[in-house]
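Worksheet for the structure shown next.
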There are 2 protein chains.
Amino acid sequence: MSAPYFGTVRDHRCVSWRNIESFASKNTASITEDRYNRDPTSVMDLKAYLRSRQKKIDRALDRYLPRANTKPATLHKAMRYSLFAGGKRLRPILCLAATEACRGNIDGALPLACALECIHTYSLVHDDLPSMDNDDFRRGRPTCHKVFGEGIAILAGDALLTIAFEIVSTAKPAHRYNISALLHEIAVAAGSQKLIAGQVADLEAEGKDVKRDQLQFIHENKTAAILNSSVRLGAMSANADARKLSAITRFGQRLGLAFQIIDDILDVTQTSEILGKSAGKDAAAKKATYPAVIGLEESRAEARRLTRQAHNALSVFGSDAEPLHVLANYLLEREY
Amino acid sequence: MSAPYFGTVRDHRCVSWRNIESFASKNTASITEDRYNRDPTSVMDLKAYLRSRQKKIDRALDRYLPRANTKPATLHKAMRYSLFAGGKRLRPILCLAATEACRGNIDGALPLACALECIHTYSLVHDDLPSMDNDDFRRGRPTCHKVFGEGIAILAGDALLTIAFEIVSTAKPAHRYNISALLHEIAVAAGSQKLIAGQVADLEAEGKDVKRDQLQFIHENKTAAILNSSVRLGAMSANADARKLSAITRFGQRLGLAFQIIDDILDVTQTSEILGKSAGKDAAAKKATYPAVIGLEESRAEARRLTRQAHNALSVFGSDAEPLHVLANYLLEREY
C-alpha cells in the first residue's frame, strides 16, 4: 500500500470528477496525452489519463452510433442524447485499463469498451422510466423520457442494448478467447441473473426492510457485475492467462461493490447539484442502501476495506496495473 | 407454380393455424413426425411438420431459459409467461426450413432459431406497453404488463433481448460465416435501423395520413427485416453459398412484406376471438395499414403477388425448398 501511485489520490480526499483539473495540476507533473499513449505505466497524471481515454471512447462511440439524422431521426437523437450526456465512461476506461494491465492493445479492446458503455446507458434510460425509478434528471439534464417521451425512451434503450451486440460483432478475438466467449461474458453480465436481476431486486425491495445479504445481492448484480465484466473483458481482449483473469476478476468484484456503496453514501451526503441527479432520492423512496442498512460510518469503512482488497488483487500485474490502482483510489474518493 | 406442394394449401383457401388438424387429416397422407426428421423433402404433412418443429423449438427454448423459480422469480416467470404463450414459432420454423433448403443440419441452426423467437417476443412485450400500442391482450391472454406490471414487463423484454445474444454465443459457426457474421446479422435486423426503426415509424404515423412508401418502410422494418433474417440465418448456418443466400434473401423480403400485409387484412376482417388479440385496433388507433392506404382487395392482390415472387425466388433450391413453399402458402391463407 506504499507504492507511489497511491499517493496522488489518497492525499486528497475530496477529488471529484469536476475538480480533477485543479487536483491534477497541483499534484502531478503536467504531461501530454501522447505520453500516456506511449507509456501508460509512467507515474500517472490522472486528469490527462482520463481525458485521453474519454476522448478515445467518445470518438469510437460517435463512429459506432448512426448519425442523429438517420431515419428514424427521433430515435437516433434520443440514443445520442443519452449516450453523449457527459457520462464518466468509467466502465470502458476500466476495460481499457485492464487491457493495459495485461499488456494488451487498447485499440483492440475498444469495441468491447464501447459495447459496455452502450449497455450501461441503456440500463440508465430504462431505470429512469416512470414505472421504474421515475427519475427526472440524470447527469444534470432531463432524463431521456422527459425529453422524448416514454415510448421513444424505451425504444432508445432497446436500441442501445442491441447496438452493443452489433459492436461486439466487430471485436477481434484473442487466442484464448473467441468471439463466442466475449459475447457470452457480456450477455450474461447484462442478463436476467446479473444486471437485470439487480434492478428487479432493487424494485422489489423498495419500501421494505432489507437485510444486508439482500442488499449485497442487489449491488453485486445491479452494479458490480458489469464493472467486473468490464475489467474481465479488457483482460480477455489482451489474451490474459487464467491466473491473470482470476486476479482481475477478484479486483472487479471488490471494486464493483465498493463503487455502489460509495454511490449510496453520496446519495445521502451530497447535493443534487453536485451529483447531477436527485440527491436523497434513495432515502425518500425507501431504497435499499448501505447507509440505511449498516450506517454511514460502517459503509465508509466497508468501501475502504473492499478497495484495499481490490488493490491487493492486482499484485500479479506489478506496475502494469498502475492505472487500475489509481482508478480504484479515484472511485473511493470521488464526490459524485 | 404447378408443383405438387402448392396443391395442398391452394385448394383450401381457409387453412388457419387452428383448423390445421382437420385440414391435414383430410388432405394429406398421415405421416409421423419421424418421417419429416428423416426426409423433409417428401410430400408434406403440414400439421405434423409444424408440430414437430414447434416441439423441437419449445424444448430448446425451455432449456435456454432459466427456470421460473430462478432468482429473481418474478422476472423469470414474466419472461416465460410471454415466451410460452402459444406463439406460432414462425420465425424459428422459417429459419430451420431455410437450413433444410440449403441441406444443412437443423440442430445446428437451433440456437439461432431460438434467439430469433426471444427477440420477437421481447418486441411484442415492449410494443404492447401503455406508452406504445397499449394492448391488453396478446395470443388470447392478458399482456405481460397487465399481469406483472409495467416495470417488470420492460425488464422482461430487456432480458429476452439479452438472452437472445447469450444463445447466439452458443451457435456453431459454418465455414463461410463465423459467429461475428451471425451476430452482426441478427443485431442489425433487431436494431435501430430495422426492427426498432419500424416500431418508431409506426408510433409516429399514428393518426396521420400515411403514404404508401412510408407504410412500406414501416412494414419492411417492423416485420419483414426479422423474417428475412430468419431465413438468412438458417441459410448461413447451413453454409449457403452466395447464390443461395441471395435467393433466400429475395424469398425472405417478399414473404416478410406479404406476411405483414396479411396481418393488416386480418385486423380488418377477423374477430378478436380468432386473432387472440384486439381486432380492429389498427383502424381505431388510425394505424398505418395496407387496407387503409390501398384498400382491402388491392391489399389481397399485393399479398398474393409478393407470395408468388417469394415462390419464384426458391427455384435454385429445387425440392429441398418444399417446406418453405408450403409455409409461404400457409402464411398467405392463414386466418389469424
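The values are calculated or read from the model by the stated rules, or taken from the named source; none is laboratory data. Source: prediction; values computed, not measured. Glycine also receives a Cβ, built like all others from the backbone with ideal geometry; neighbour counts cover every protein chain displayed.
Mind listing whichever residues of segment A:191-217 are within 10 Å of chain B (Cβ to nearest Cβ) and among the hydrophobic types (A, V, I, L, M, F, W, C)? Within segment A:191-217, A:Leu195, A:Ile196, A:Ala197, A:Val200, A:Ala201, A:Leu203, A:Phe217 meet the criteria. Return yes when B:Gly149 is surrounded by fewer than 20 Cβ atoms within 10 Å (Cβ to Cβ), at the interface with another protein chain (Cβ under 8 Å from one of its Cβ atoms) and over 16 Å from A:Glu166 (Cα atoms) and no when it is not. The answer is yes for B:Gly149. Just so you know, in segment A:44-72 the residues that are free of Cβ contacts under 8 Å to residues at least 60 places away in the same chain and assigned to a loop (DSSP other than H, G, I, E, B) include one that is nearest to the other protein chains (Cβ to nearest Cβ), and it is A:Pro72.
Among the numbered conditions (1) among the hydrophobic types (A, V, I, L, M, F, W, C); (2) at pLDDT 95 or above; (3) crowded, with 16+ Cβ neighbours inside 10 Å, the only one that B:Ala73 does not meet is (3). Per the conditions (1) closer than 24 Å to B:Tyr177 by Cβ; (2) in a loop (DSSP other than H, G, I, E, B); (3) modelled with pLDDT of 95 or more, the sole criterion not satisfied by B:Glu100 is (2).
With respect to B:Ile167, is the statement that it is touching a residue at least 40 places away in the same chain (Cβ under 8 Å) and aliphatic (A, V, I, L, M) true? Yes. If the condition is being of a type in the set (Val, Ile, Thr) and in a loop (DSSP other than H, G, I, E, B), then segment A:137-158 contributes only A:Thr143. Take B:Leu203 and decide whether it is assigned to a helix (DSSP H, G or I), in contact with a Cys (Cβ under 8 Å, 6 or more places away or on another chain) and under 30 Å from B:Leu75 (Cα atoms). No; evaluated as a whole, the condition is false for this residue.
Going through (1) on the phi > 0 side of the Ramachandran plot; (2) surrounded by 24 or more Cβ atoms within 10 Å (Cβ to Cβ) one by one, A:Arg139 falls short only on (2).
Scanning segment A:102-113 turns up at least one residue that is under 12 Å from the mean Cα position of the chain (by Cα) and either surrounded by fewer than 22 Cβ atoms within 10 Å (Cβ to Cβ) or under 25 Å from A:Lys194 (Cβ atoms) (or both). Out of the residues in segment A:164-178 meeting the condition of being β-branched (Val, Ile, Thr) and buried (at least 22 other Cβ atoms within 10 Å of the Cβ), tell me which one is nearest to the other protein chains (Cβ to nearest Cβ). The qualifying residue nearest to the other protein chains (Cβ to nearest Cβ) is A:Val168. Condition check: touching a residue at least 40 places away in the same chain (Cβ under 8 Å), at the interface with chain A (Cβ under 8 Å from one of its Cβ atoms) and either surrounded by fewer than 24 Cβ atoms within 10 Å (Cβ to Cβ) or not in a helix (DSSP H, G or I) (or both). Does B:Leu161 satisfy that? No; evaluated as a whole, the condition is false for this residue.
For A:Leu129, the test of being more than 8 Å from every other protein chain (Cβ to nearest Cβ), in contact (Cβ under 8 Å) with a residue 12 or more places away in the chain, surrounded by fewer than 24 Cβ atoms within 10 Å (Cβ to Cβ) and not charged (D, E, K, R) is failed.
Considering segment A:73-101, and only residues there that are within 14 Å of another protein chain (Cβ to nearest Cβ) and within 20 Å of the chain's Cα centre (by Cα), the residue that is nearest to A:Arg138 (Cα to Cα) turns out to be A:Ser82. Out of the residues in segment B:179-190 meeting the condition of being more than 7 Å from chain A (Cβ to nearest Cβ) and surrounded by fewer than 21 Cβ atoms within 10 Å (Cβ to Cβ), tell me which one is farthest from A:Phe148 (Cα to Cα). So the residue we want is B:Ala181.
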